[in-house]
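Accompanying notes for the structure given below.
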Amino acid sequence: MRRLQVAVVGSGPAGLYSAEALIKQSSALNPPCEMRVDVVDRLPTPYGLVRYGVAPDHKSIKSIAEKLRLVLEHDSVSFYGGVHLGHDVSREDLLASYDAVVYATGAMRDRRMGIPGEDLPGSVAATDFVNWYSGHPDVDPGKYVLDAESVAVIGVGNVAVDVARILIRNPEDLRETDISQPVLDTLMASKVREVHLIGRRGPAQAKFTTKELRELGELDGVEVVTYGGEVDLDAFDPTGESARLAEADRHIRGNYTVIRDWASRPARASARRLFVRFWQRPTEIHGPRQVSGLTLERTRLDSSGKFTGTGFFDTLNVDMVFRSVGYQSVPLADVPFDDRSYVVPNAEGRVLGPDGAPLPGEYVAGWLKRGPSGVIGTNKSDAAQTVQWLLADLAGGPSPENEHGSENGHARANGRAAAAPASPAAAPDFPQAPGYPEAAPGYPGAAPGYPGAVPGYPEAAPGYEAIARASLEELLASRGVRPVSYADWQKIENAEKELAAALRRGARVKLGSREEIHRACGMAMR
Ligand code: NAP
């Protein structure tokens with residue numbers, strides 16, 4: 001049976017959905033292709049954004065980890081935590097040890113606004129704040145002190161909504177979540193009583209989703225305040241497009257219904273207030289030594305629908321500013337990267353080289369492939385597309401664009417890339433997926449240079465998988481890197497459950513720091 005060994009870099013949803021698709025799609029080939037997947041992550045813990053991005057009070061979204069767990073526990077999947085591409089292993093190492101590599105490291109850096117004062121103390125990137133409240137091992141749990149009474153959150157996407165909700169909700173509500181104890185203690189001591197959520201465009205252009213938005217109005221002890229003119233869809237949009245969208249688009253209609261409901265509520269005397277603002281763009285964060293205010297310019301659409309400033313400015317007295325204007329991917333060492341779109345250049349998941357041609361054996365999935373958009377589930381179909389190309393290129397599976405087979409397949413043999421010329425017919429030992437036309441022109445299965453035909457390809461060697469797997473382990477051992485195994489991760493999980501019991505707090509409580517994570521699995525800090 002044909003066998004493939006694939007490394008997936010990143011154990012978040014995109015990485016684990018890729019691993020799942022590799023297992024499922026390879027077993028559906030006819031005959032099936034035997035698949036081994038090694039999932040490598042620079043963090044000692046799996047699940048990426050599900051663990052370190054989804055807010056602690058979003059328990060049902062967090063429960064996706066239980067589905068992803070099944071992928072990691074599959075017999076054909078191994079977890080190598082604490083292994084950093086570019087430090088512990090290189091791109092070359094992976095390409096030499098595996099038939100293919102799927103990069104799925106997400107987007108972990110904040111976008112910038114490019115306004116004065118953005119780097120003042122008290123001006124905080126939402127990416128970092130989300131990492132902090134999620135107990136990310138890279139962020140010191142003591143990093144933030146919330147001693148400002150009034151703060152601004154810039155952006156009206158779902159991350160901004162998460163940040164605003166965590167800042168304004170009664171922290172007592174978070175006791176039963178997995179939020180780490182030092183973070184909960186900081187939120188308990190928080191002086192924040194006013195959050196200003198700032199959208200530079202209107203309610204019809206906001207990026208948040210209705211369910212997340214509605215939740216803001218359901219928080220105990222929190223009053224949501226809107227400004228009448230700003231929620232009038234025609235006030236800042238003379239084209240009428242906003243009003244039209246609020247009728248025609250189900251998602252925008254849902255958002256607008258929520259916002260209109262808030263606008264019609266009578267004022268209440270609540271201890272905590274959330275101001276939801278529109279048509280205001282930040283122009284300067286004031287210091288001098290730390291944030292003391294935020295200047296906003298009133299914006300509008302002009303008669304041609306162009307977004308523009310009006311020259312009317314207002315300054316908010318806020319002592320912290322949370323910048324939630326989108327995420328960006330960071331380049332991986334030696335892996336192609338597009339500095340303008342902040343993704344790995346790719347065609348439906350096949351990594352493209354400088355000449356625009358697919359690079360043999362290299363694939364990308366998730367936010368690193370398409371940018372930071374969509375919900376977690378979006379990564380499932382995205383990963384399936386990448387994997388379909390991978391199997392079309394390496395195992396003769398049907399490609400996404402041509403369910404009848406890959407026209408431009410290329411193969412890797414024992415770590416060496418080999419272009420696979422088109423072949424008119426399938427190899428006799430490599431039958432097709434059901435429905436695949438036997439004699440399809442361009443089918444790469446029997447191409448000279450295809451792994452199966454390369455002398456020395458270890459297909460027939462007993463213990464092939466053990467050889468390839470051992471090579472990553474041996475390589476890491478020779479470099480003094482002790483990866484975190486799945487068994488180690490289970491020890492971390494047990495320690496989190498024991499901590500929750502000791503603190504009398506819910507089902508689990510995240511360990512507060514990298515030291516505690518390493519201690520839980522008996523590893524020394526590196
Ligand atoms: P996002 O949805 O792209 O929202 C970014 C926001 O920042 C937009 O309102 C954008 O306004 C604004 N913005 C951009 N540049 C700005 C600037 N210079 N000044 C002022 N505002 C600016 O990004 P995100 O909130 O980071 O979310 C990323 C992805 O994760 C999204 O797909 C989101 O749905 C997903 N997510 C989902 C959940 C959930 O399902 N619960 C939770 C968190 C995140 P413009 O539109 O005017 O550019």
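The values are calculated or read from the model by the stated rules, or taken from the named source; none is laboratory data. Computed from a predicted model, the values in this text were never measured in an experiment. Neighbour counts run over all protein chains shown; Cβ positions are idealised from the backbone, glycine included. Just so you know, the surface numbers come from the protein's heavy atoms only, side chains and all, with ligands and any DNA or RNA stripped out. Shrake-Rupley method; radii C 1.70, N 1.55, O 1.52, S 1.80 Å.
Roll a 1.4 angstrom probe over the protein heavy atoms and tell me the percent of accessible area of region 9-97 that is carbon or sulfur.
The C+S portion of the solvent-accessible surface of region 9-97 is 54 percent.
Angle between the Cα long axis of helix 464-478 and the longest principal axis of the chain, 0 to 90 degrees, nearest 10?
Taking Cα atoms only, the helix is inclined about 60 degrees.
Sorting check: for 130-141, 181-192, which peptide has the highest mean count of neighbouring beta carbons within 10 Å, and how do the rest follow?
Listed from highest to lowest mean packing, they are 130-141, 181-192.
Just name one of Val325, Pro13, Val71: the one whose Cα is farthest towards the positive end of the charge dipole of the chain (beta-carbon charges, Lys/Arg +1, Asp/Glu -1).
After comparing all options, I get Val325.
Beyond 20 Å between alpha-carbons counts as too far, so tell me which of Lys59/Lys491; Lys59/Lys207; Lys380/Lys491; Lys62/Lys380 fall in that bin.
From the list (Lys59/Lys491; Lys59/Lys207; Lys380/Lys491; Lys62/Lys380), the Cα-Cα distance tops 20 Å for Lys59/Lys491; Lys59/Lys207; Lys380/Lys491.
Which FRET efficiency, nearest 0.05, do Ser471 and Glu515 yield, Cβ-Cβ r, R0 30 Å?
0.45
What aspartates and glutamates does Lys143 reach when the alpha-carbon gap must be under 15 Å and sequence neighbours fewer than 8 apart in one chain are set aside?
Asp128, Asp185
Could you compute how much accessible surface Lys306 exposes when probed at 1.4 Å, giving the result in Å² to the nearest 10?
130
Which whole-angstrom value gives the distance between the alpha carbon centres of region 367-392 and region 65-115?
14
Need the full-extension length gain, Ser90 to Asp119, defined as separation in residues times 0.36 nm minus the C-alpha distance. One decimal, nm. Don't jump to the answer; show the numbers that get you there.
On the way: separation 29, 0.36 × 29 = 10.44 nm, distance 3.27 nm.
Difference between extended and current length: 7.2 nm.
Could you work out the local net charge near Ala507, counting Lys and Arg as +1, Asp and Glu as -1, over the other residues with Cβ closer than 15 Å to its Cβ?
That works out to +3.
For helix 250-264, what angle does its Cα long axis make with the longest principal axis of the chain, in degrees from 0 to 90 and rounded to 10?
Approximately 20 degrees, to the nearest ten.
Would you calculate, for the chain, the mean residue ellipticity at 222 nm contributed by helices, counting each DSSP H stretch of 4 or more residues as -39,500 (n - 2.57) and dividing by all residues, to the nearest 500? Intermediate values should be presented prior to the final figure.
Working: 16 runs with 160 residues, N = 526.
After summing the helix terms and dividing by the residues of the chain, the value is -9000 deg cm²/dmol.
Could I have the simple spin-label model distance between Lys207 and Asp234, label points 7 Å from Cα toward Cβ, reported in nm to one decimal?
So the two model labels end up 3.1 nm from each other.
Going by a ≥ b ≥ c, the root eigenvalues of the Cα gyration tensor, does the chain fall in the rounded group (a/c under 1.5), the prolate group (a/b larger than b/c) or the oblate group?
Numbers: a/c = 2.37, a/b = 1.62, b/c = 1.46.
Here the chain falls in the prolate category.
For the chain, what does the relative contact order come out to in percent, with C-alpha contacts under 8 Å and a separation of six or more?
Result for the chain is 19 percent.
Just the number, please: carbon plus sulfur as a percent of the accessible area of region 195-246, 1.4 Å probe, no ligands or DNA/RNA counted.
47
Expected output is a single nm value to one decimal: the length gained when fully extending between Lys59 and Asp355, i.e. 0.36 nm times separation in residues minus the C-alpha distance. What is it?
102.1 nm
Using Cα atoms only, what is the angle between the long axis of helix 486-503 and the major principal axis of the chain, expressed in degrees (0 to 90) to the nearest 10?
Long axis of 486-503 versus the principal axis of the chain: about 30 degrees.
Under a 1.4 Å probe, what is the accessible area of the chain per residue, stated in Å²?
Accessible surface, normalised per residue, equals 41 Å².
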